[in-house]
Amino acid sequence: MDIGIDLGTANVMIMVGNKGVVLNEPSVVAFNKKINEVIAVGEEAYKMIGRTPEYITVVRPLSDGVISDHKMTEKMIMAFIEKVTGKQLLMPNIVMCIPSAITDVESRAVVEAAKIAGARQVYLIEEPVAAIMGAGVDISSPDGNMVVDIGGGTTDIAVVSMYGVVSKLSIKVAGDKLNRAIVKYVSNRYRILIGEKTAENAKIAAANVYSPDGSRSVVVKGRHLVRGLPEQIELTDYDIYEAIVDSVQEMIDGVKTVSERTPPELVGDIYQHGIYLTGGGALLGGLDKLMSYQLGVKCNIADDPISCVARGTKYAFKNLDKLLDGFEQVSMYK
């Protein structure tokens, strides 16, 4: 059995052979400190965020695109692989997608977690490469293609040619940071404290970063910071724009930086093909239009951008000779 895992800050997606994406659940673990056991992972644990007694901690073991809690990451990967394989004693080959700016230590942690979960061989592939393959782009030719993969913790920008990354940048500005920016904005302007889940729902429902005009709105509920009582207000697309515009500009500046580092021949190819947007952040209202306007290059949102990285692992299995085994990759740089 071949398994492809997109180990994302916000969600874990697993692809199995020809079945396609068989699992898409939040990267969340619920841990009971009294009995010292993991009691829930994924969707079940996500529903517990902000709703548990103090002896149950709900954690996100990945933060800003890297593993922040190794033990919980291992438990989570093992639980998800068990869900997919049905506790069969299989020794799967696993392709793990990792952020482009990951360190050797972080790479080793990812490989160790997969090995403990029962993998026979673990291959590492950089997320931008998997994302652009999942978007259906042929990267075997010497043409330059740029991908902007906007996830939960990081935005990975890369120019890919001949199965390799020519220039890249990973910035810690993505979905989670946009959510926190909305929480901060609502707190400062309206004196109401809302949760990050509420902020994310507001972003999905009302964001328009290209031409906000107040026509889209969403009602959010929270706690008034002065009175301490429940309160609800209506946020417009202009409110969301004000909250997140600086973070969105950082992403666009990152694209400019990568373009400046790229050989001119490949930049010409990018102008011809356009920029491919993948990841959940690609669906942010008006982002493709704003990028096209500021960069002067057309931006293409991939089909089903959220699952692009996971789908890319399917093509990775056809090119395993061009990937390196996880432990080899770690030792290469020593």
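The values are calculated or read from the model by the stated rules, or taken from the named source; none is laboratory data. As the structure is a prediction and not an experimental result, all values here were calculated from the model. Ideal geometry is used to build each Cβ from the backbone, glycine not excepted, and the neighbour counts take in all protein chains shown. Protein only, heavy atoms only, side chains kept; ligands, DNA and RNA dropped before computing areas. Shrake-Rupley method; radii C 1.70, N 1.55, O 1.52, S 1.80 Å.
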Once Lys and Arg are counted +1 and Asp and Glu -1 for all other residues with Cβ under 13 Å from that of GLY42, the total becomes 0
Using all alpha carbons of the chain, what is the percent of pairwise distances in each 20 Å bin, ordered from the shortest bin to the longest? 31, 56, 13, 0
Express the C-alpha Rg of segment 62-220 as a ratio against the empirical globular expectation 2.2 N^0.38 Å, rounded to two decimals. 1.27
Just to confirm a number: summing +1 for Lys and Arg and -1 for Asp and Glu over residues other than ASN208 whose beta-carbon lies under 13 angstrom from that of ASN208, what do you get? -2
Would you please put 167-173, 17-23 in order of how densely packed they are, using the mean number of other Cβ atoms within 10 angstrom per residue and starting with the highest? 167-173, 17-23
Which value, in debye to the nearest 20, describes the size of the charge dipole of the chain about its Cα centre when Lys and Arg Cβ atoms bear +1, Asp and Glu Cβ atoms bear -1, and nothing else is charged? 1000 debye
Area projected by the alpha carbon convex hull of segment 43-109, averaged over all directions, nm²: 6.1 nm²
Quick one: which residues, 5+ away or cross-chain, put their amide H under 5 Å from the amide H of GLU25? H built at 1.01 Å from N. VAL12
Order by protection proxy (mean Cβ within 10 Å, highest first), peptides 102-112, 293-303: 102-112, 293-303
Arrange the peptides 202-211, 31-40 so that the one whose residues have, on average, the most other Cβ atoms within 10 Å appears first. 202-211, 31-40
Which net charge results when you count Lys and Arg as +1 and Asp and Glu as -1 among the other residues whose beta-carbon is under 10 Å from that of SER100? -3
Considering only protein heavy atoms, what is the solvent-accessible area of MET91 at a probe of 1.4 Å, reported in Å² to the nearest 10? 100 Å²
For segment 206-280, the convex hull over Cα atoms projects on average to an area in nm² of 7.4 nm²
